[in-house]
Amino acid sequence: MRIPLVIVFFAVSVALPAHADFRGHGGPVRALAIASDGETMLSGSFDTTAIVWDKAAGVADDVLRFHEDSVNAVAILDDGRKLTAGQDGRIALWDGDSPPVELGRHDAPVVAMALAPDEKAVATASWDGTVRVTPLEGDEPSRTLDGHEGNVNAVAFLPDGTLVSAGYDLTVRFWPPDGGSGPVVTLPAPQNALVATRDGEAIAAGADGVIRILAARGDIVAEIETVPVPVTALAISEDQATVASAAVDGSVWLIDRMSQGVRLTLQDADSPVWSLAFDPGDGTLYAGGGDRVIRQWNPRTGERLNEATGSEAGTGEDLGDSRGAEVFAACSACHTLGEDGGNRAGPSLHGIFGRPIASAPGYDYSPAFEKLDIVWTPKTVSELFEVGPNHYTPGTKMPEQRITNPEDRAALIEFLKQRTTQ
């Protein structure tokens, strides 16, 4: 039975912390994960990087560069290790400051991942038509699950270790932990996203905009209509009461699991929302999209949390209202400007003009930078953003940021001239 759309607005006010939008990626934000302690967020982007964010400060702690193409999936383990996977088919495990360990490689892009309940393995969904379960410890080989006829777009683990996968072939498949065969559910549309609940349900969504709740035996418990365009991401709140659904039209829908109806509709982006994550601590909903911004919402009231203009985002400094300040906003998550600002994920830009590359005090540069013979001047900084950091400074950890408009580059240079010498 298809349950009719019901919209109910709650005037409940809760005290959730509000921090400015997270800006720093040079491309759409494809994946989000938040640590179980709520302190760290990990984002993956079309710009080939993952960024480790200090959520409380609203700034980038580190930029992870390993993948050759878009980072499509990320995860954070309880012990602080991190996982990334991407368009290049590679799966990487990050442990502190050590170089990443490649856990394996699919024959096509990896677009989703899920940690096993005991966090001893990770499942990856790939457009090579397979699901792979890779142990995170020991020498046991990965296990490949075949069955989908086409792209596999999503994976999730049920509490008993059953793996659920969904794909372009219209199916949701259940893979029991003992290796036997499980239910295969055929749906009316290609499926793009999955989440699992702690009471053993799987929630799937796809190209028809319908959210379907499935029991572990494959029965469809409910069908909930949202928007008649493809759903791109799902997330479930820590208390398991709310499911968030995002779509290619930029909308985010909040669904009440108990009533199985839509409670709130959020929209603040003109581009697709590709990723969602609930903070397990304070309940804030984070949404990353095609415009490179990670937004925050109070999921009880639908309030946008501390929405910031481009010149205010991701910085503890007052940037002002100039065009150059707006262009610099994406850089402010990783770089400070003032003499006392210090280094973040990127070096301080104070005194940048006339400074040789890789010479900011106290910053641990990529080894490749030691071979580059560049002095930062208005001309070289402009060239960096004209062609992109990957090309201009090979080996950089910097997200791929290009500024193709000459007037915007000129405005940025003028802003940096004024602000990095104060």
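Observations, loosely collected:
- Contacts under 6 angstrom Cβ, first residue in the stretch 100-115 being more than 13 Å from Thr144 (Cβ to Cβ), partner among the polar types (S, T, N, Q) and part of a loop (DSSP other than H, G, I, E, B), 6 or more apart: Pro109/Gln87
- Test: residue in the stretch 289-303 that is of a type in the set (Gly, Ala, Ser) and at pLDDT 95 or above: no
- Qualifying strands (runs of 3 or more DSSP E) (wholly inside the stretch 196-241; at least 2 residues being under 16 Å from Pro272 (Cβ atoms)): 202-206, 231-236
- Members of the stretch 347-375 that are closer than 16 Å to Asp97 by Cβ and part of a loop (DSSP other than H, G, I, E, B): Gly362, Tyr363, Asp364, Tyr365, Ser366
- Taken together, the criteria place Ala358 among residues that are touching a Phe, Trp or Tyr at 6+ places or on another chain (Cβ under 7 Å), at pLDDT 80 or above, over 30 Å from Gln296 (Cβ atoms) and not aromatic (Phe, Trp, Tyr).
- Residue match in the stretch 246-268 (condition: under 20 Å from Arg295 (Cα atoms), surrounded by fewer than 18 Cβ atoms within 10 Å (Cβ to Cβ) and of a type in the set (S, T, N, Q)): yes
- Every residue from the stretch 107-120 that is closer than 21 Å to Val195 by Cα and in contact with a Ser or Thr (Cβ under 6 Å, 6 or more places away or on another chain): Val110, Met113
- Scanning the stretch 36-87 for residues being assigned to a loop (DSSP other than H, G, I, E, B) and surrounded by 20 or more Cβ atoms within 10 Å (Cβ to Cβ) gives a total of 7.
The values are calculated or read from the model by the stated rules, or taken from the named source; none is laboratory data. As the structure is a computational prediction, the values presented were derived from the model and not from experiment. Positions of Cβ are backbone-derived with ideal geometry, glycine not excepted, and every protein chain shown enters the neighbour counts.
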